[in-house]
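Chemist: To start, I am sharing the structure in question, which I have written as structure tokens.
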Amino acid sequence: MLAAVTVAALTPPAAAARGDGEAHASAAIAVAQENVHVRAGVARLIINCHNAPCRGVVKLVAQLSRPSGSERRALIGSKAFTLPGETERALFVNLNREGRRLMRRVKRSGRYILLEGPGLRHRTVILKPVRDFPRRLAG
């Protein structure tokens, strides 16, 4: 005996409804870890994509203070990414001139910056410089 099988497309719970009643599947959001290590002007951040494939742009934004006391936002690096679902991957972002200058003044504890962009959960991360010191020879 043959039975009829109906396949229905599942929409995620975060699907947004348009005015005409149709639903869109919302894009998956990638999540970045809090600590971002910087070596030689390249920031290495780990991003995870849960459930569905993710695509977006990572933007590293620093809030810099002016001599007048006000603050300005400066883009110090950006990179586009595409990840398949259920993966975690390192993303290498080249810092621009202003970002490299900022990292020269940063101590070991790091510098808080904003991580934003389409397809990515916005959050504050810590840029930490990785400095390789030569090992001392045991005498």
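The values are calculated or read from the model by the stated rules, or taken from the named source; none is laboratory data. This is a predicted model, so every value here is computed, not measured. Note: ideal-geometry Cβ built from the backbone for every residue, glycine included; neighbour counts use all protein chains shown. For accessibility, only protein heavy atoms count, side chains too; no ligands or nucleic acids. Shrake-Rupley method; radii C 1.70, N 1.55, O 1.52, S 1.80 Å.
Chemist: Output the number of residues of region 35-58 satisfying the condition of being touching a strand residue (DSSP E or B) at 6+ places or on another chain (Cβ under 8 Å) and open to solvent by less than 90 Å² (accessible area, probe 1.4 Å). Steps first, please.
Modeler: We begin by selecting, within region 35-58, every residue touching a strand residue (DSSP E or B) at 6+ places or on another chain (Cβ under 8 Å); these are 35-39, 41-50, 53-58.
Next, only the ones that are open to solvent by less than 90 Å² (accessible area, probe 1.4 Å) stay: 35-38, 41-43, 45-49, 54, 56-58.
Counting residues in region 35-58 that are touching a strand residue (DSSP E or B) at 6+ places or on another chain (Cβ under 8 Å) and open to solvent by less than 90 Å² (accessible area, probe 1.4 Å) gives 16.
Chemist: Taking the criterion of being open to solvent by 50 Å² or more (accessible area, probe 1.4 Å), modelled with pLDDT under 90, touching a Cys at 6+ places or on another chain (Cβ under 8 Å) and among the charged types (D, E, K, R), would at least one residue in region 64-86 satisfy it?
Modeler: Checked against the condition, which is being open to solvent by 50 Å² or more (accessible area, probe 1.4 Å), modelled with pLDDT under 90, touching a Cys at 6+ places or on another chain (Cβ under 8 Å) and among the charged types (D, E, K, R), region 64-86 yields at least one hit.
Chemist: Which ones in region 87-107 are acidic (Asp, Glu) and open to solvent by 100 Å² or more (accessible area, probe 1.4 Å)?
Modeler: Glu88
Chemist: Anything in region 108-118 that is on the phi < 0 side of the Ramachandran plot and surrounded by 14 or more Cβ atoms within 10 Å (Cβ to Cβ)? List them, or say none.
Modeler: Hits for region 108-118 are Arg111, Ile113, Leu114, Leu115, Glu116.
Chemist: In region 91-106, is there at least one residue being touching a Cys at 6+ places or on another chain (Cβ under 7 Å) and either at pLDDT 85 or above or not hydrophobic (A, V, I, L, M, F, W, C) (or both)?
Modeler: The answer is no; no qualifying residue exists.
Chemist: Just give me the residues in region 34-63 being of a type in the set (S, T, N, Q) and at negative phi, in sequence order.
Modeler: Asn35, Asn48, Gln63
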